[in-house]
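Only one structure is covered here, and it is reproduced in the block below.
The values are calculated or read from the model by the stated rules, or taken from the named source; none is laboratory data. Keep in mind that what you see is a predicted model, and the values were worked out from it rather than measured. So basically every Cβ, Gly included, is an ideal-geometry build from the backbone, and we count neighbours across all protein chains shown.
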Amino acid sequence: MHIKVGYELIFDCPQPTPMLLMLNIHFSRAGDLAMPDHLVTAPSIPVTTYRDSFGNWCSRIVAPAGLTRISTTAVVRDSGIPDLVVPDAQQHKVEDLPEEALLFLLPSRYCETELLSGVAANLFNNTPPGWARVQAICDFVHNHISFDYQLARNTRTAWEAYNEGVGVCRDYAHLAITLCRCMNIPARYCTGYLGDIGMPPPYGTMDFAGWFEAYLGGQWYTFDARNNIPRIGRVLIARGRDAVDVAISTTFGPNTLRGFTVWTDEIAWTG
C-alpha cells in the first residue's frame with residue numbers, strides 16, 4: 001500500500017528567529033519513500049541538516065520576520081501489516097541488557113521514575129514479566145487517562161498525567177514509558193504519522209502521533225497506550241528519551257504558530 005503524508009506549519013515571528021526542526025521521516029524508512037519528504041519553506045530560506053545523537057534527521061533555519069510556511073508532501077510504501085504482537089517476547093535482566101538500551105531505563109524530563117516507582121510496583125509486581133507486563137501497563141494507562149485535546153499542556157509530565165487523569169497521545173506515552181522503566185523495561189518515545197487506515201469512522205483531526213517502543217526479547221517493539229490496539233500505517237519520524245528529544249520545532253525567540261495541518265492518507269500510486 002502507499003500512504004501520502006505531509007504537513008504545513010505557519011509561524012509568525014516578530015524578528016528573525018533560529019529554529020530546530022525535526023520533521024523528516026526516520027532514516028529507517030528511507031527505502032520506503034516513493035516520493036521523498038523534502039522540506040519546503042516560503043519564503044525560500046537556507047536549510048541545513050544534521051543527525052542528532054539518537055539518529056534523527058534534523059533541520060536548522062532562521063525564520064525571517066513575518067510569516068514563514070514550512071511544508072512537505074511525501075509518499076511512503078507500507079506493508080499494510082498491523083503492529084507486531086509477540087506475546088512470548090521476554091523481559092531481560094538489567095545486567096543482560098545491551099549498553100545502548102540502558103539510557104532508556106533512566107528518568108528524563110517528562111518521565112519521573114523516582115515519583116512513580118512505588119505506583120508501578122503496586123500495580124505490576126504481580127504481572128508476568130515480558131510482553132504481558134508491558135501490555136498490562138498499556139491497559140492501565142489507556143483506561144486511566146481520558147483523551148482531551150482541550151486540556152493538552154506541553155509541560156505535563158508522566159507524574160502529572162497520572163494524577164490528573166487527562167491528556168493527549170504524548171501523555172499516554174510518557175506515563176507508559178515511565179511505568180515500564182520503573183519495572184526495569186527499557187522504553188523510548190516515538191513520534192510520527194499515524195492515520196486512520198483500517199479504522200471505522202468518525203475520524204478526529206489529524207496531528208502528529210506519539211507512541212513508544214519497549215525492549216523485549218532482544219529487540220524494540222511498538223506499543224501504543226492511547227489506541228491500545230495494533231494499527232496500520234505507522235510512519236516513524238523520530239525517537240528519544242521523551243518528547244523533549246523529538247520536538248517537531250524548537251524556536252529560539254518569540255513566535256506564534258498561525259497554522260498547523262497534518263495529513264496521512266492511503267492512496268493509489270502509479271509513480
**Study point:** Filter result for the condition that a residue is in contact with a helix residue (DSSP H, G or I) (Cβ under 9 Å, 6 or more places away or on another chain), in contact (Cβ under 8 Å) with a residue 24 or more places away in the chain and closer than 20 Å to Leu194 by Cβ, over Val94, Val76
**Key:** Val76
Check your understanding: Just wondering, is there one or more residues in the stretch 122-132 that are of a type outside the set (Val, Ile, Thr) and closer than 17 Å to Trp211 by Cα?
Key -> yes
Practice item. Could you tell me whether the stretch 33-52 includes any residue that is part of a helix (DSSP H, G or I), touching a Phe, Trp or Tyr at 6+ places or on another chain (Cβ under 9 Å), of a type in the set (A, V, I, L, M, F, W, C) and modelled with pLDDT of 95 or more? Key: no
Review point. Which residue out of Ser44, Ser28, Ser53 is touching a residue at least 12 places away in the same chain (Cβ under 8 Å) and not β-branched (Val, Ile, Thr)?
Key: Ser28
Review point. Any idea how many residues of the stretch 181-207 are modelled with pLDDT of 95 or more, part of a loop (DSSP other than H, G, I, E, B) and under 25 Å from Arg77 (Cβ atoms)?
Key: 1
Check your understanding: How about the stretch 139-159: which of its residues are within 27 Å of Val94 (Cβ to Cβ), part of a helix (DSSP H, G or I) and not small (Gly, Ala, Ser)?
Key -> Asp139, Phe140, Val141, His142, His144, Trp159
Practice item. Could you list all residues from the stretch 143-159 that are over 16 Å from the mean Cα position of the chain (by Cα) and closer than 16 Å to Val119 by Cα? Key: Asn143, His144, Ile145, Trp159
Exercise for review: List every residue pair whose Cβ atoms sit under 6 Å apart, with the two residues 6 or more apart in sequence or on different chains, where the first one lies in the stretch 251-262 and is assigned by TED's automatic domain parsing to the domain that holds Val62 and the second, anywhere, is hydrophobic (A, V, I, L, M, F, W, C) and in a loop (DSSP other than H, G, I, E, B).
Suggested key: Val262/Met206; Val262/Phe208
Check your understanding: When only residues in the stretch 208-247 that are part of a loop (DSSP other than H, G, I, E, B) and of a type in the set (A, V, I, L, M, F, W, C) count, which is surrounded by the most Cβ atoms within 10 Å (Cβ to Cβ)?
Key -> Ala225
